[in-house]
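Trainee: Got a structure for you, questions after.
Laboratory data are not the source of any read-out in this text; all were calculated from the coordinates shown. From a predicted model like this one, the values you see are computed outputs, not experimental measurements. In this analysis, Cβ positions are derived from the backbone assuming ideal geometry, glycine residues included, and neighbour counts consider all displayed protein chains.
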Amino acid sequence: MNFLTILFLVCLGLLVYFIVKRNIEKNKQEQKQKVSELLHDLKTPLTSILGYVELLKSVERTPETQEEFLGIIEFEAEKLLQLLGSGLSENADSKEVKSATNCAKVISLICRGLSPDAKKRNISLNYSCDPELYVDFEENKLWRVISNLIENSIKYNKSDGAVEVTAASDSDYVIIECKDTGIGIKPENITKVFKRGFREEKKLPGFGLGLSTVRKIVSENGGFIQLESEYGIGTKFTLKLRKAQEKVEAIETKSSISCQP
């Protein structure tokens, strides 16, 4: 074996080594990102569960109200298990199946779940949605998108502020708006809010992952997201999602709610 052959084999071995090392580091980074996103998504159902447990302990409730609150806690606990299951599954992304999802059902459950947190912060939380609006979106993914937007609208709001969620439709799309009277976003940061790790207010807790995850999910499902904000006045997010071609059985939901549990 001559010198050139040995040199070639050494270079080839080094190349293979660096390629393998790069792939290992990439996989580690992807796993770290998935864990961070999972931890972020788990905050919403945990916030809801703790909020309703606190409400049940604060004053004596009627049996009907207790049953209603326990039902919400049970739903949020099931959502926790779903998120953990999908987050820990290695093949979770490859098994995604789109389906007709009822917007009113998702928005109603999220608003009811987050209403104790809104009430604690003295923020009015209301929504209005046609109960027959369906989107071509996996329910769990839609829940992640809308819960992130509403949770941010509550977290970055002011005392005596408001959050309003509406859903309507045109010929091909369902338009969902989440509008708040919060702190708003500085003009120079408008283009940064969807970047991973960005937070308008560093002093508030959080990972800065919510909006980057929202944009990724919406884009992967053929939708669009638009941001309008005025610093010190408030922010509005607009989702444009494809209508479902086939509707599933309608689920009875209230058309509006305010945070008065």
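Trainee: Rounded, prolate or oblate, given the Cα gyration tensor of the stretch 122-171, with a/c below 1.5 counting as rounded?
Mentor: It comes out oblate by the Cα gyration axes.
Trainee: Then there is this: Under 5 Å between amide H atoms, partner at least 5 residues away or on a different chain: which partners does residue 244 have, H built in plane at 1.01 Å?
Mentor: 134, 135, 136
Trainee: Further question on the same structure: Going by average Cβ neighbours within 10 Å, how do the peptides 58-69, 155-166, 221-232 rank, with the highest at the top?
Mentor: Ranked by mean Cβ neighbours within 10 Å, highest first: 155-166, 221-232, 58-69.
Trainee: May I pose another question? Which net charge results for the neighbourhood of residue 150, defined as the other residues with beta-carbon distances under 12 angstrom from its beta-carbon, given Lys and Arg at +1 and Asp and Glu at -1?
Mentor: Combined, the nearby Lys, Arg, Asp and Glu give -1.
Trainee: What is the local net charge at residue 170, summed over the other residues whose Cβ is closer than 10 Å to its Cβ (Lys, Arg +1; Asp, Glu -1)?
Mentor: +1
Trainee: With each label point set 7 Å from Cα along the Cα-Cβ vector, what nm distance links residue 58 and residue 188?
Mentor: Spacing of the two 7 Å Cα→Cβ label points: 4.0 nm.
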